[in-house]
Amino acid sequence: MDLKTQIQLLIDNAPRDGITPHLVSAIAPVLSAIALRLRHSQYYILQNSEENWVLTTLSNRANAGFEKRVIYAFPTIQDVSLISPAGLDPQMLAKIVPVTHILFQLVALEPVDSIVFLETPGKTTHTLEVKRSELQNLLQQQLKQQRSGKNIPPNIA
């Protein structure tokens, strides 16, 4: 599924509250730009039996007090077992999710610090991390740009 179709699905499935579809349209360029940096148009996300995405807490060996909460996005279903023993748990399910939908969800996933995208099937060495705080900053900049562009009268010349 191409990025344009993914974005359209996000817009189509957004709550019809008069705001959300417009917000999704406004942030679509940011979601697409990040998605273009990734190798795959969709990834597998490990979910528990309640369909919540599985969170992994990583600790820094050099700095014991530093922890980071991540969600892994896998290029193939076979790659799930490379990182997570939970991938072998029958209570867990790997669900394929379009990349723009993963990025969109990241904004709302409060306890999550980032999504780690595994880019090369069969390997854990080539990853791309998208930090939630950085994504939120980019989206806020995009929304500010959109708003400021609308404040300029069309007959300003």
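The values are calculated or read from the model by the stated rules, or taken from the named source; none is laboratory data. Not measured: the values here are computed from a predicted model. With ideal geometry, Cβ positions are generated from the backbone for all residues, glycine too; neighbour counts draw on all protein chains shown.
Miscellaneous remarks
- Residue within the stretch 18-32 that is modelled with pLDDT of 90 or more, exposed (fewer than 11 other Cβ atoms within 10 Å of the Cβ) and over 17 Å from Leu103 (Cα atoms) present: no
Table: residues versus (1) over 19 Å from the mean Cα position of the chain (by Cα); (2) of a type outside the set (A, V, I, L, M); (3) over 24 Å from Val24 (Cα atoms); (4) surrounded by 15 or more Cβ atoms within 10 Å (Cβ to Cβ).
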site	(1), (2), (3), (4)
Ser49	yes, yes, yes, no
Thr57	no, yes, yes, no
Asn60	yes, yes, yes, no
Ala73	no, no, no, yes
Asp89	yes, yes, yes, no
